[in-house]
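Data first, discussion second: the structure below is written as structure tokens.
What follows draws every value from the coordinates through simple rules; no lab data is involved. It should be emphasised that the depicted structure is a prediction, and the values quoted were computed from it without experimental measurement. Heads up, the Cβs are rebuilt from the backbone with ideal geometry, glycines too, and the neighbour counts pull from every protein chain shown.
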Amino acid sequence: MTLEGTNTWVLGLGGGAVVVDPGPDDEGHLRRVLDVADGLGGTRLVVLTHHHDDHRAGAPRLAALAGAPLRAADADLQG
């Protein structure tokens, strides 16, 4: 979604979306991500690929706003 920024990905699943690396804990950014996901049927899952703050800091807030689970390969990133 942000290309050369945080590289946030919103992947449509046919009835929902998966958000990958939602980015910083910035309300404007998170709302834009949610708007895109809502256009695909809503956020069904938030996924983290790694620990860098510019990719993961907004993940807990986005998951809470969307009512979606947060998952990561490293369990320490899920909280």
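Quick one: of the DSSP bridges fully inside the chain, what percent are antiparallel, nearest 5? That works out to approximately 35 percent antiparallel. Taking Cβ atoms as reference points and 14 Å as the exclusive limit, the residues near residue 43 contribute a net charge of +2, counting Lys and Arg as +1 and Asp and Glu as -1.
At a Förster radius of 35 Å, what calculated FRET efficiency corresponds to the Cβ-Cβ distance of residue 27 and residue 49, to the nearest 0.05? The computed FRET efficiency comes out at 0.95. Take every pair of alpha-carbon atoms less than 8 Å apart whose residues are at least six positions apart; their mean separation over the length of the chain yields a relative contact order of 28 percent. Only helices enter this figure: runs of n ≥ 4 DSSP H residues, each worth -39500 (n - 2.57), summed and divided by the residues of the chain, yield -8500 deg cm²/dmol at 222 nm to the nearest 500.
The modelled label-to-label distance for the pair residue 76/residue 64, using points 7 Å beyond Cα in the direction of Cβ, is 2.2 nm. Charge tally for residue 70 (other residues, Cβ to Cβ under 11 Å; Lys, Arg +1; Asp, Glu -1): +3. Here the alpha carbons of the chain define both size measures, Rg and Dmax, at 11.0, 30 Å.
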